[in-house]
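What follows is a short report on a single structure.
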Amino acid sequence: MGKSGGKWIFFTYFYFLKIVAMNSFIGEYTCRVDAKGRILLPAAFKKQMPAGDQEGFVIKRDIFDRCLVLYTTEEWTRQNERIRSQINPYNKEHNAFLRNFYRGAAEVILDSSNRLLIPRRLLEETGIRREVVLAGMDTKIEVWASHIYHQSAAGVDEFARLAEKIMGKDE
């Protein structure tokens, strides 16, 4: 009995460490898109990732905004598990959601110079040309056309209103 309990303590500890090791991206970086559609992943973002999760990524269009979302492979797996837990593939609306969620998604890898080759169709759909902003958004990195990113910023009053609405609830 004692050995079994020890295994559960180890498992619980390991599981807790895995949860704590989730990515949390912070920072905002302006980068250039080269003629082939490659962008340099800022070193600061690479440092914020666990060592084993620094090469493979999934990139897709964002659901709400005209930007791209870059997930590490580990975070992409976590997102898929969340979706699977809430979706019935035999429900027509759920199926339409799945189709649109995965539409345009692509696997991308870092090359030897820490660049990501972004599929041309995704660059075109989001208006990305020469300059992008990579913005850390907790477990993902948003990739914006620079001019669209700066236009989308909420004003001080609008952000204060959102903060109060979302975070200002008394419990």
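The values are calculated or read from the model by the stated rules, or taken from the named source; none is laboratory data. Note that the structure is a prediction, hence the values are computed from the model and not measured. Reconstructed Cβ throughout: ideal geometry from the backbone, glycine too, with neighbour counts over all protein chains shown.
Looking only at the range 136-171, how many residues end up being within 18 Å of the chain's Cα centre (by Cα) and loosely packed, with under 13 Cβ neighbours inside 10 Å?
1
If you check Val133 against the conditions, is it touching a helix residue (DSSP H, G or I) at 6+ places or on another chain (Cβ under 8 Å) and surrounded by 11 or more Cβ atoms within 10 Å (Cβ to Cβ)?
Against the criterion (touching a helix residue (DSSP H, G or I) at 6+ places or on another chain (Cβ under 8 Å) and surrounded by 11 or more Cβ atoms within 10 Å (Cβ to Cβ)), Val133 qualifies.
Identify, please: which residue in the range 103-130 is of a type outside the set (D, E, K, R) and more than 15 Å from Phe57 (Cβ to Cβ) and is, among those, surrounded by the fewest Cβ atoms within 10 Å (Cβ to Cβ)?
Ser112
What are the pairs with Cβ atoms under 8 angstrom where one residue, in the range 112-130, is over 15 Å from Arg66 (Cβ atoms) and the other, located anywhere, is in a helix (DSSP H, G or I)? Sequence gap at least six, or different chains.
Asn114/Ala43; Asn114/Lys46
Given the condition in a loop (DSSP other than H, G, I, E, B), at pLDDT below 85 and farther than 19 Å from Glu142 by Cβ, answer yes or no: does some residue in the range 26-48 qualify?
Checking the range 26-48: not a single residue is in a loop (DSSP other than H, G, I, E, B), at pLDDT below 85 and farther than 19 Å from Glu142 by Cβ.
All but one of (1) in contact (Cβ under 8 Å) with a residue 60 or more places away in the chain; (2) surrounded by fewer than 13 Cβ atoms within 10 Å (Cβ to Cβ) hold for Cys67; which doesn't?
Answer for Cys67: the failing condition is (2).
Based on what the data block shows, is Asn80 out of contact with any Lys or Arg (no Cβ under 8 Å at 6 or more places or on another chain), farther than 14 Å from Lys140 by Cβ and at pLDDT 90 or above?
The answer is no for Asn80.
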